[in-house]
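Working notes for the structure below.
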Amino acid sequence: MPSPEQPQTPSPIRHFLETTDDVSARHRYSVTRFYRRGERTFRVTVERDSYEQQSTAMAEVLTATGEWTRVLSNAPSNWHDSTSLYATKGTGVQPEPGFITLCRLADELAADAMTIVPA
């Protein structure tokens, strides 16, 4: 059982809205998912570009004033190599379609954000 100082990760993590974008010609695709925990709304965006330095992954929380505030991010150097070049299909090196990988990354970021921001 976690100590009182360590917040529990909410389980299961479920999004209530998802948007995707696929610019296949440029090998760029993204997933944005929205999550809710208590009264808090979280937005997680993961964008994969063929250039690692142009890729991003971040979690934000909606404030009481209606503004999105960044909670945390995950550097593309941590995940870019694990993604397919294509959104809807895998490759010989990365057999999983890119959207599936980005959705998993989004869920992980959401879980981390929910442990940082109190309900």
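Calculated [222 nm] ellipticity per residue, helices only, for the chain: -5500 deg cm²/dmol; basis is -39500 (n - 2.57) per DSSP H run with n ≥ 4, divided by all residues, nearest 500.
Note on GLU67 and ALA119: the extension gain reaches 17.0 nm, defined as 0.36 nm multiplied by sequence separation minus the Cα-Cα distance. Per residue, the chain exposes 60 Å² of solvent-accessible protein surface, assessed with a 1.4 angstrom probe and all protein chains in place.
Surface listing: THR83, THR19, THR115 arranged by accessible area from highest to lowest gives THR19, THR115, THR83, probe 1.4 Å. Between VAL46, VAL23, VAL31, the residue with the greatest mean-square fluctuation in the GNM of the chain (Cα pairs under 10 Å linked by springs) is VAL23.
Using heavy atoms of the protein chains and a probe of 1.4 Å, the accessible area assigned to ARG36 is about 130 Å².
How many Å³ per residue does the convex hull of the Cα positions in the chain occupy?
Numbers: hull volume 14.6 nm³, N = 119.
Cα-based convex hull of the chain, divided per residue, equals 122 Å³.
Accessible area ranking (1.4 Å probe, heavy atoms, ligands and nucleic acids excluded), largest first, for PHE34, PHE42: PHE34, PHE42.
Ligands, DNA and RNA left out, the 1.4 Å accessible surface of the chain is 49% carbon and sulfur atoms. Compute the longest continuous run of the chain that contains no exposed GluC sites (Glu not before Pro); treat a site as exposed when its DSSP state is not H, G, I, E or B and it has at most 15 other Cβ atoms within 10 Å. That gives 68-119 as the longest site-free run.
The values are calculated or read from the model by the stated rules, or taken from the named source; none is laboratory data. Predicted, not measured: the structure shown is a model, and the values here were computed from it. Cβ: placed from backbone, ideal geometry, glycine included. Neighbour counts: every protein chain shown. Ligands, DNA and RNA are stripped out before the accessible areas are found, and what is left, the full protein with its side chains, is counted by its heavy atoms. Shrake-Rupley method; radii C 1.70, N 1.55, O 1.52, S 1.80 Å.
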